[in-house]
Amino acid sequence: MAAPIRIGTCSWADDALTKHWYPKEVKSAEARLRFYAERFSTVEVDSTYYRLPDETMVSRWVERTPPGFVMHVKAFGVMTRHPVKVEQLPPDLRDGAPVDDRGRVDRPPREFRAEIFRRFHKALEPLRETDKLGGVLLQFPPYVVYKEVSVDYLRWAVEQLGSDRPLVEFRHRSWLDDENRAATLELLEELGASNVIVDAPRTEAKNLVPTVVAATSPLAYVRFHGRNADTWNARGGSASDRFDYDYSDEELEEWVEPLRGLGKTADEVYVLFNNNRWSRTPRGEILAQAPVNAAALRRRLDESGVPTG
């Protein structure tokens, strides 16, 4: 049997959702997650990229979602070699952290990173013990290019996750260009890691990888970033500006057959929308892009006979 395609959004608490998707009476953090989980069966937690999660908070996520709900958790920035302000670290780790002149954690030793991985892993235990943990998203920055030292770090990072399932997203096209694509996919398969398939602007920018519909583990993962080439690398824009895009019905239709194919080759398939801005319809109504596009894709799959969950 084909695996059902499970669809959701990257975060349930972005401004576009809180201001333009949740009903006005749904105000508290608890009520919003419960409301979200009644409409989607999966979500990607992105707040953990900015701060390490704690077990108490993760336990609340478990309590507020139904059995069978799946949460994928984005790795804290230190884990994927992103610049992180020292204030983002747990207080007891700040004094010992190497810091550059801009107050950012600067090339910490692996022992330091290993402690971050350990705390991250421990905090997710409530999800793990209730079978609500999907995968851990390792999104690497554009300056992590395909070379031996980067491959070595990827191997080490996956090892630090233990039994948790790694979802690997690259942001430099060298990993998936014609020259290195086969080797990268082979590496991910060897590591038991999922190739994060991206839908993004169709340009040759170095920080945009091509869309490679290939499952390298039993869990297939697709992230929709929008196709806004004008804002992707615009100077001075916010992260949400980069992902400002409302998918058309025709663009969503392009994914029906690729997702049908993934459902036949993978045991689990997840699609997460990261276009976290709002748009105005021709009638002047404001819509939150991610949940509206997610629901529209689910309808198109249902109409096409592709099982969804």
Discussion item. Any residue that is open to solvent by 30 Å² or more (accessible area, probe 1.4 Å) and closer than 21 Å to Val43 by Cβ - is there at least one of those in the stretch 168-191?
Written reply: no
Worksheet item: Consider Arg283 against the criteria (1) over 19 Å from Pro201 (Cβ atoms); (2) in a helix (DSSP H, G or I); (3) among the charged types (D, E, K, R); (4) open to solvent by 80 Å² or more (accessible area, probe 1.4 Å): it satisfies all of them except one. Which criterion is unmet?
Response: (2)
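Here is a yes/no grid of residues against (1) in a helix (DSSP H, G or I); (2) touching a strand residue (DSSP E or B) at 6+ places or on another chain (Cβ under 8 Å):
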residue	(1), (2)
Leu138	no, yes
Tyr146	no, no
Val149	yes, no
Arg155	yes, no
Arg171	no, yes
Worksheet item: Which of the residues belonging to the stretch 19-69 are among the small types (Gly, Ala, Ser) and within 21 Å of Val136 (Cα to Cα)?
Response: Ala37, Ser41, Ser47, Ser59, Gly68
Worksheet, complete the sentence: If you go through Gly309, Gly237, Gly305, Gly263, the only one that is out of contact with any His (no Cβ under 6 Å at 6 or more places or on another chain) and at positive phi is Gly305
Fill in: Close pairs from the stretch 66-89: first within 21 Å of Arg128 (Cα to Cα) and in contact (Cβ under 8 Å) with a residue 12 or more places away in the chain, partner acidic (Asp, Glu) and assigned to a loop (DSSP other than H, G, I, E, B), Cβ under 7 Å, at least 6 apart
Lys74/Asp46
Item to complete: Would you check which residues across the stretch 224-254 are basic (Lys, Arg), free of Cβ contacts under 8 Å to residues at least 24 places away in the same chain and open to solvent by less than 70 Å² (accessible area, probe 1.4 Å) and list them?
Response: Arg242
Fill in: Test set (1) in contact with a Pro (Cβ under 9 Å, 6 or more places away or on another chain); (2) basic (Lys, Arg); (3) over 27 Å from Ala234 (Cα atoms) - Lys147 fails condition number
(1)
Discussion item. Here are the criteria: (1) in contact with a strand residue (DSSP E or B) (Cβ under 8 Å, 6 or more places away or on another chain); (2) open to solvent by 10 Å² or more (accessible area, probe 1.4 Å); (3) at pLDDT 95 or above. Tell me which single one Glu115 does not satisfy.
Written reply: (1)
Worksheet, complete the sentence: From the option list Ala215, Ala183, Ala193, single residue qualifying as touching a Pro at 6+ places or on another chain (Cβ under 7 Å) and free of Cβ contacts under 8 Å to residues at least 60 places away in the same chain is Ala193
Worksheet entry | Scope the stretch 120-161; condition more than 24 Å from Ile197 (Cβ to Cβ) and touching a helix residue (DSSP H, G or I) at 6+ places or on another chain (Cβ under 6 Å); matching residues | Ala123, Pro126, Thr130
Worksheet item: Out of all the residues in the stretch 192-208, which are farther than 15 Å from Arg242 by Cβ, open to solvent by 10 Å² or more (accessible area, probe 1.4 Å) and within 19 Å of the chain's Cα centre (by Cα)?
Response: Gly192
Discussion item. Could you check the stretch 1-56 and list, in sequence order, the residues that are in contact with a His (Cβ under 9 Å, 6 or more places away or on another chain) and acidic (Asp, Glu)?
Written reply: Glu44
Practice prompt. Could you check, for the stretch 201-216, whether at least one of its residues is in contact with a strand residue (DSSP E or B) (Cβ under 9 Å, 6 or more places away or on another chain) and either within 24 Å of Val292 (Cα to Cα) or aromatic (Phe, Trp, Tyr) (or both)?
Written response: yes
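The values are calculated or read from the model by the stated rules, or taken from the named source; none is laboratory data. Predicted, not measured: the structure shown is a model, and the values here were computed from it. Neighbour counts are summed over all protein chains in view; Cβ atoms, including those assigned to glycine, are modelled from backbone coordinates with ideal geometry. Just so you know, the surface numbers come from the protein's heavy atoms only, side chains and all, with ligands and any DNA or RNA stripped out. Shrake-Rupley method; radii C 1.70, N 1.55, O 1.52, S 1.80 Å.
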